[in-house]
Amino acid sequence: MSASLTSAAPSVPLHQLVRLLQLASPALPIGGYSYSQGIEWAVECGDIRDAATTRSWLADLLQHVMRTGEIAIAAQLVASTRGRRWDDFEELNAWFRASRETAELRAETEQMGASLLKLLVELGVLAESTRGAVVRSCPLTLPAAFALAIDGLNLDTHAGLVAYVWSWLENQVLAAMKLVPLGQSSGQSLLFELGARIPDVVASSMAVPPDEITSFAPGLALASSLHETQYSRLFRS
């Protein structure tokens with residue numbers, strides 16, 4: 001055979017890739033499958049009704065909410081963790097928690113953050129000094145806990161945040177598949193198309209100046225608020 005069977009070295013070391021896959025896995029026991037983040041109400045009122053409207057909803061969240069808000073704050077949290085700037089870490093965690101517009105969204109990030117922190121402690125990922133430093137930041141939000149995971153596992157920041165966003169996207173698509181409902185092929189098409197955007201979105205988020213980070217998302221806030229009193233629902237938010 002003329003073609004070589006030896007592949008080029010991966011850009012991410014394989015041991016890090018394994019950790020990234022574990023962090024992004026829906027099997028991670030932090031409860032992401034419990035939340036639809038407003039999709040359930042959007043389906044109820046007819047804003048989401050098929051694959052096309054699901055794609056539009058998720059693409060808008062990825063570009064206009066995650067990019068300038070949640071991912072950007074997560075990047076700052078990673079930098080604060082790696083620099084052991086715990087005062088900054090505490091302030092960023094508090095900012096993100098306060099930015100959650102509804103009780104549901106706040107409860108979600110606190111529950112998932114606490115669950116991930118507990119898992120990191122059980123796995124022995126966090127140094128004792130780090131565990132002591134973050135106590136005062138509790139309740140810990142999910143971006144803050146994920147920042148600790150990226151640092152504790154010694155992952156590349158960009159790759160770690162790609163895993164973070166992929167986990168979010170996969171949970172959102174799984175929720176849409178149950179609620180719209182969408183077939184397996186439609187769900188995979190959404191993941192294929194929107195997932196391809198994640199690396200560039202994360203790179204853009206990492207370049208957002210701290211004073212330009214924003215969580216302004218009135219549509220998401222309204223959907224979450226109305227979901228709190230929705231008559232029949234499958235998801236916690």
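Only the coordinates and a few stated rules stand behind these numbers; no lab work does. Predicted, not measured: the structure shown is a model, and the values here were computed from it.
Miscellaneous remarks
- Against the set (1) 51, 38, 30; (2) 53, 45, 33; (3) 61, 47, 34, the structure's computed Cα extents along the principal axes in Å falls on (3).
- Placing one equal scatterer on every Cα of region 149-237 and applying the Debye formula, the log10 ratio I(q)/I(0) at q = 0.20, 0.25, 0.26 Å⁻¹ is -1.14, -1.22, -1.23.
- Working note: Karplus 6.51/-1.76/1.60 with θ = phi - 60° gives region 180-197 the couplings 5, x, 10, x, 4, 5, 5, x, 5, 5, 5, 5, 5, 6, 6, x, 5, 7 Hz, where Gly and Pro are set to x.
- Under 5 Å between amide hydrogens, built in the peptide plane, is the criterion, and for Thr214 it picks out Gly69 among residues at least 5 positions away or on other chains.
- Shown for region 1-127 is the translational diffusion coefficient from the Stokes-Einstein equation, using the Kirkwood radius over Cα pairs, a temperature of 37 °C and a viscosity of 0.692 mPa s: 184 µm²/s.
- Per-residue Karplus couplings for region 21-33, computed as 6.51 cos²θ - 1.76 cosθ + 1.60 with θ equal to phi - 60°, are listed in order as 5, 5, 5, 8, 6, x, 7, 4, x, 10, x, x, 5 Hz, Gly and Pro entered as x.
- Per-residue ellipticity at 222 nm computed for the chain from its helices equals -19500 deg cm²/dmol, with DSSP H segments shorter than 4 residues left out and the rest contributing -39,500 (n - 2.57).
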